[in-house]
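The values are calculated or read from the model by the stated rules, or taken from the named source; none is laboratory data. Note that the structure is predicted; figures quoted are calculated from it, not measured. Note that we place each Cβ from the backbone using ideal geometry, even for glycine, and neighbour counts take in every protein chain shown.
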4 protein chains.
Amino acid sequence: MIDYRSDNTGRAAPEILEALLRANDGTALGYGGDDWTGELQRRFGELFETAVRVFPVATGTAANALSLAALSPPWGLVYCSNLAHINVSEVNAAGFFGGGIKLVPVAGSHGRIHADAFAATLAAIMPGQSHRGQPAAINLTQPSDLGAVYRLDEVRAIADLAKSKGLKIHMDGARFGNAVARLGCTPAELTWRSGIDILSFGATKNGGALCDAIVVFTPELADSLAIQLRRAGQVWSKMRFASAQLLAYIADGLWLRLAEASNATAARIAAEISGIDTVTLLAPVDANLLFLEMPAATLDGLERDGFQFYRRSRTVGRFVCRFDTTEVEADALIAALRRHATAVRRAAE
Amino acid sequence: MIDYRSDNTGRAAPEILEALLRANDGTALGYGGDDWTGELQRRFGELFETAVRVFPVATGTAANALSLAALSPPWGLVYCSNLAHINVSEVNAAGFFGGGIKLVPVAGSHGRIHADAFAATLAAIMPGQSHRGQPAAINLTQPSDLGAVYRLDEVRAIADLAKSKGLKIHMDGARFGNAVARLGCTPAELTWRSGIDILSFGATKNGGALCDAIVVFTPELADSLAIQLRRAGQVWSKMRFASAQLLAYIADGLWLRLAEASNATAARIAAEISGIDTVTLLAPVDANLLFLEMPAATLDGLERDGFQFYRRSRTVGRFVCRFDTTEVEADALIAALRRHATAVRRAAE
Amino acid sequence: MIDYRSDNTGRAAPEILEALLRANDGTALGYGGDDWTGELQRRFGELFETAVRVFPVATGTAANALSLAALSPPWGLVYCSNLAHINVSEVNAAGFFGGGIKLVPVAGSHGRIHADAFAATLAAIMPGQSHRGQPAAINLTQPSDLGAVYRLDEVRAIADLAKSKGLKIHMDGARFGNAVARLGCTPAELTWRSGIDILSFGATKNGGALCDAIVVFTPELADSLAIQLRRAGQVWSKMRFASAQLLAYIADGLWLRLAEASNATAARIAAEISGIDTVTLLAPVDANLLFLEMPAATLDGLERDGFQFYRRSRTVGRFVCRFDTTEVEADALIAALRRHATAVRRAAE
Amino acid sequence: MIDYRSDNTGRAAPEILEALLRANDGTALGYGGDDWTGELQRRFGELFETAVRVFPVATGTAANALSLAALSPPWGLVYCSNLAHINVSEVNAAGFFGGGIKLVPVAGSHGRIHADAFAATLAAIMPGQSHRGQPAAINLTQPSDLGAVYRLDEVRAIADLAKSKGLKIHMDGARFGNAVARLGCTPAELTWRSGIDILSFGATKNGGALCDAIVVFTPELADSLAIQLRRAGQVWSKMRFASAQLLAYIADGLWLRLAEASNATAARIAAEISGIDTVTLLAPVDANLLFLEMPAATLDGLERDGFQFYRRSRTVGRFVCRFDTTEVEADALIAALRRHATAVRRAAE
């Protein structure tokens, strides 16, 4: 069995668990009053080149929903891609935590919003319409749920539009490391310097274990969020074990090395299969996700071979590379795709 | 510095973190589809001598609030002790997750509800009062927030009253191990055999690290709760790292040994200071908590000595024993209390 | 000024206000314990040919949102037309009252859902997807927000699909009278005999004054809804003044006469302007709404003439006929449309 | 039968219904865009001697819950009397509309909060306690649910305490007219000049029919509240019929005359029965409510005589005077109380 199901089926990076173990020393004040969590604030401040507030949370769903609840009143509209994780895969957690927030899809491609479509959406809003939800925020999934990455200028164009209407901007960075690694920019450039107010900073999909984080760039949003997190059951009493994971994750560029690894594996597979005429990439392979369309017989064949992946339809499969997907595993997938494609072509002849 | 602040300032039991590390092997289906979480269901079934559904969650607040939301409609009343953790220390998370659930304090002592007071409360409910909240559930904190433990017959008396009115029963077992260790009963006796529908099963305060659990004894409540947990951001994608902790926690009776240790330390301190006439226990020391009243000068002295504890008022301090509170630390507290008490007595003479 | 803005800009039918006045006699138990509200249950039972529970409420938004909250758990998905009032015009009240319910648009035409599109939507649901919202209910706006009416067989086809998947069915009958008048069916046929669980029974837009109603056909939903209405601030203490309005509304077929009047006016306008080649009907005129596309200059001309209507875009206007729109007012609109159309044609020549 | 059950069992003042009828003339923009609602803003501005925003709502529960939701974040604590209507009789609507707001009772007497007790409550709040609800607002029921009226200096003392801690102040004026009539002060003095931010302005219990109102004195709270009201289903499309009622209610001092009438009747009964030694007033009769303790046999006798009232226990009855309670009805109650008391005394001899 070779696992391409998800980046959350994988292991944690050993450095992260070792840091968790090292944190098991002495006593420490609960609920984030410990030294590790204090250090976390400083290190993230350095990483993002500005003072930030960092809140470790258990899951990406918590990070996203609580971020949006901090950025929108209960009657707010939050714009997002139709394919955004918050819209498709989180049981409407944003609506729940936000007291009735409504998500409004905006057109685009490959899970990204197009600035033009967003501009058109904003232009259609008429003032004084108290019977409509009130425009409040926009969510960018970076990379998108199809593995496409917004360029810096694309993020800025959308953020500028949002700011011009007083909207707040949330980035769902469940795979933030993959985006930064791909773009070669700084974390600051991709976030607050581009107008992001709050970032869901993912670690779990990129070698983390039990926590992601919310990073707040707009200071006045942080104090209320801290209370909301407490009542949301997202503040560990032994927070040091979460903060230590995140400290290790960003120490010495580990997070970027992990993301580069999974990005590279995906890119290699994409390159190698580009010549197979029956296999089509449905989205740019900017990060570690491949959405492949191919004959059902080819997908059936891969399943028989023992490859694990999510089949989105009879002819579409999602293949996810992890930081620890090996070259051998990548070679195996490439070879199997070629083999089945050849068999399909022969059968068609 | 000797730390008596809380059982969440302490370390995790090494066995638990080692199990977490061992779980970092191979790939595993996300969101609880892994083998560890499957095994968790079986082991908790054995522990509780009945089929249960176990849901690892990040915090006790999440466990309590989501349990109550599963036991009460949004317009429900949940009875609890005035001092209950859900009433005092969770930012009304139950009201939030429950869509407006209201907590109603019932009289008792030492953080426990008295069956007589609960019977009187129930007797005062008049039928057909749609302008009142609707009685829905009762919460028992076991041990209480003052460290007192309900006896089995006390739990059953309250549960019988509740059941007779159609109410559901939740046990907040943030320190469940301490209660079981104290009573010498089985986990089954203290829960479903006594009428409990859902248990918040605490681990963090007793040597755990990053997760507690919800244990559901009433099967029809579990499927909805599973969905609610997902949207509450309480379902880790790499759930194996949580389940592995809980498996280690209950393996070979570890959880009871840890609880017996902290209980024993607290009991020893209580016994040794019983002869000091200026120091008074404010509640029975059934578990690992000591609430001590003493002259302000004595508490001031302890602080100067480097003891850490929560001062509830000028003359009341809370001292919490952890599984790894040492004999030396206990001796130090006993000796310091004697020393300061003597000084206070002399000053008064 | 001739007002075609909305059916809520109009007067109340005198019979309804006179009934309200007659109810001002003697004392009466509050919160629906009065004789008028008792009588209301019986009369609606006769009207719908089955036992029902009727709850007067202040507004259609309250009727819709509270009905949906009764039909769906907080994590439920409610299917509706993209143009449905609940989706477009109620500030996501359903999401608020429902604790995070999510509305999911289904394709169709003229504000109606197509059974085929709904079948496709249901077919795409995969079991066991706890990360998605859970399909719970479907909302039919009858007539639609564009004034199109579902035929009985269309309602039944959709309801059958819904029932086959365990979904509940809500009908938003803000203009229910117009639909019944149009179809010539019985209220029973259009509701519970076609599978409807709860009906938002509109009166305000059809000659009512200050109340609409929720009609519950599925008895087990009613008791909880009664409590929810109370906490939603929708239960008048002097309920008799609301019930008396609704009693008058349905007495002696008043409600159908009022709806027939506005339907007939709209139909007459539609017929008379069908020959004007620059004016296009955007939806069937099944009820009392006309959506007309025409040159901007024509709409500008109507505005200069003193006609009031909502302009949905430069070239689209919504014209609503009320029960008391006069023949003179209809003639005036027809004549003005002809006059401006002729002018536009000449200008183009 | 003579009805002392409640002030909501009574009739509406004819002037109010006549005004409602007169509003049935011509067309008018919906949702408060009509002339009556515009006039309402001006007239209330005059009445309160300052610019206000007035929102008609269907019920007092809606007024209270939505006011509190406007004054408190979801994690807020709202202080109130243990006997406050919001705490006892509104199915925790404040918790629901407020997204989990928690009500915290403060000690006092006769349904009023004592400033000293409130000061002690505030003094016990420790800063930085993110695990507690956050103090947000205080609710004063004026008159209280036992019919006692806060004096102006009492309101101000409590409001000053609240303001000093940054809390907002809500007055539940379900019987506001009775309080103003009793105190002989201006509406301004009792509200914003004493520090009130939002007033629930009751009309229904004092001769109104189908609406109360929210009066906002703190302007920055009004815009959000307007949207929240819309999604709460509290904004009538034919608002003119609500606004017309409220305009009539305050025109020419009608509301004060109605309140003076019910106050005077209650005061006369209280005075006349003060000599009956077996009948005890449980609270000051400052408004139109009498809470009377007497032998069960006396209450039984009153019931047999055909008096209607709420029996709070075997020996306590609540008697409510309405604006249209007649002198004959008052005489009858006084005489019956004397007669039964004499019989009880003789039986005891």
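Here are the numbers for this structure:
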item	result
Every residue from the stretch D:318-333 that is over 26 Å from the mean Cα position of the chain (by Cα) and closer than 11 Å to residue D:273 by Cβ	none
The stretch B:247-264, residues that are crowded, with 24+ Cβ neighbours inside 10 Å and of a type outside the set (Gly, Ala, Ser)	B:249, B:255, B:258, B:263
Of all residues in the stretch B:91-115 being assigned to a strand (DSSP E or B), out of contact with any Cys (no Cβ under 9 Å at 6 or more places or on another chain) and away from chain D (no Cβ under 14 Å), the one that is surrounded by the fewest Cβ atoms within 10 Å (Cβ to Cβ)	B:109
Search result, residues across the stretch D:188-200 that are assigned to a loop (DSSP other than H, G, I, E, B) and in contact (Cβ under 8 Å) with a residue 60 or more places away in the chain	D:191, D:197
Set C:237, C:243: member being closer than 26 Å to residue C:20 by Cβ and outside any helix (DSSP H, G or I)	C:237
Selection within the stretch A:233-246 - within 7 Å of chain B (Cβ to nearest Cβ) and out of contact with any strand residue (DSSP E or B) (no Cβ under 6 Å at 6 or more places or on another chain)	A:233, A:235, A:236, A:237, A:238, A:241
Residues located in the stretch B:289-308, provided they are closer than 15 Å to residue B:270 by Cβ and touching a residue at least 60 places away in the same chain (Cβ under 8 Å)	B:289, B:290, B:291
The one condition in (1) within 24 Å of residue A:151 (Cβ to Cβ); (2) surrounded by 24 or more Cβ atoms within 10 Å (Cβ to Cβ) that residue A:244 fails to fulfil	(1)
Filter result for residue D:318 (of a type outside the set (Asp, Glu), assigned by TED's automatic domain parsing to the domain that holds residue D:268, buried (at least 16 other Cβ atoms within 10 Å of the Cβ) and within 30 Å of residue D:255 (Cβ to Cβ))	yes
Candidates D:13, D:65, D:28, D:69, filtered to the one that is under 16 Å from residue B:131 (Cα atoms) and crowded, with 22+ Cβ neighbours inside 10 Å	D:65
Pick from the stretch D:76-85, criterion farther than 16 Å from residue D:148 by Cβ and either touching a helix residue (DSSP H, G or I) at 6+ places or on another chain (Cβ under 9 Å) or surrounded by fewer than 21 Cβ atoms within 10 Å (Cβ to Cβ) (or both), ranking: nearest to the other protein chains (Cβ to nearest Cβ)	D:76
Residues of the stretch C:45-67 satisfying the condition of being closer than 29 Å to residue D:243 by Cβ and in a helix (DSSP H, G or I)	C:60, C:61, C:62, C:63, C:64, C:65, C:66, C:67
Identity of the residue in the stretch B:201-217, in a loop (DSSP other than H, G, I, E, B) and at the interface with another protein chain (Cβ under 7 Å from one of its Cβ atoms), that ends up nearest to residue B:288 (Cα to Cα)	B:209
Residue match in the stretch C:284-291 (condition: in contact with a strand residue (DSSP E or B) (Cβ under 6 Å, 6 or more places away or on another chain), in a strand (DSSP E or B) and not aromatic (Phe, Trp, Tyr))	yes
Search result, residues across the stretch A:218-231 that are touching a Leu at 6+ places or on another chain (Cβ under 8 Å) and either of a type in the set (S, T, N, Q) or within 7 Å of chain B (Cβ to nearest Cβ) (or both)	A:228
Single unsatisfied condition, residue D:88 versus (1) under 27 Å from residue D:206 (Cβ atoms); (2) at pLDDT 95 or above	(2)
Residue in the stretch A:273-281 that is away from every other protein chain (no Cβ under 14 Å), of a type outside the set (Val, Ile, Thr) and touching a residue at least 40 places away in the same chain (Cβ under 8 Å) present	yes
Some residue of the stretch C:280-301 being farther than 15 Å from residue C:143 by Cβ and in contact with an Asp or Glu (Cβ under 7 Å, 6 or more places away or on another chain)	yes
Every residue from the stretch C:68-90 that is outside any loop (DSSP other than H, G, I, E, B) and under 19 Å from the mean Cα position of the chain (by Cα)	C:68, C:69, C:70, C:71, C:78, C:79, C:80, C:81, C:85, C:86, C:87, C:88
Flag if residue B:322 is within 14 Å of chain A (Cβ to nearest Cβ) and in a strand (DSSP E or B)	no
Hits in the stretch B:14-44 - residues which are within 14 Å of chain A (Cβ to nearest Cβ), without any contact (Cβ under 8 Å) to a residue 12 or more places away in the chain and assigned to a helix (DSSP H, G or I)	B:14, B:21
Residues satisfying the stated conditions in the stretch A:116-145, i.e. within 14 Å of chain C (Cβ to nearest Cβ), in a loop (DSSP other than H, G, I, E, B) and without any contact (Cβ under 8 Å) to a residue 60 or more places away in the chain	A:124, A:125, A:126, A:128, A:129, A:130, A:131, A:132, A:133
Residue in the stretch B:95-115 that is at pLDDT below 95 and among the hydroxyl-bearing types (Ser, Thr, Tyr) present	no
The listed residue being under 14 Å from residue C:59 (Cβ atoms) and among the hydroxyl-bearing types (Ser, Thr, Tyr), out of D:237, D:243	D:237
Residue in the stretch D:251-267 that is of a type outside the set (A, V, I, L, M, F, W, C), over 22 Å from the mean Cα position of the chain (by Cα) and not in a strand (DSSP E or B) present	no
Flag for residue B:40 being in contact with a strand residue (DSSP E or B) (Cβ under 6 Å, 6 or more places away or on another chain) and buried (at least 18 other Cβ atoms within 10 Å of the Cβ)	yes
Test: residue B:88 is within 30 Å of residue A:93 (Cα to Cα) and within 14 Å of chain A (Cβ to nearest Cβ)	yes
The stretch C:1-13: number of residues that are within 20 Å of the chain's Cα centre (by Cα) and more than 8 Å from chain D (Cβ to nearest Cβ)	3
Selection within the stretch C:146-171 - over 18 Å from the mean Cα position of the chain (by Cα) and either assigned to a loop (DSSP other than H, G, I, E, B) or of a type in the set (Asp, Glu) (or both)	C:153, C:160, C:165, C:166, C:167
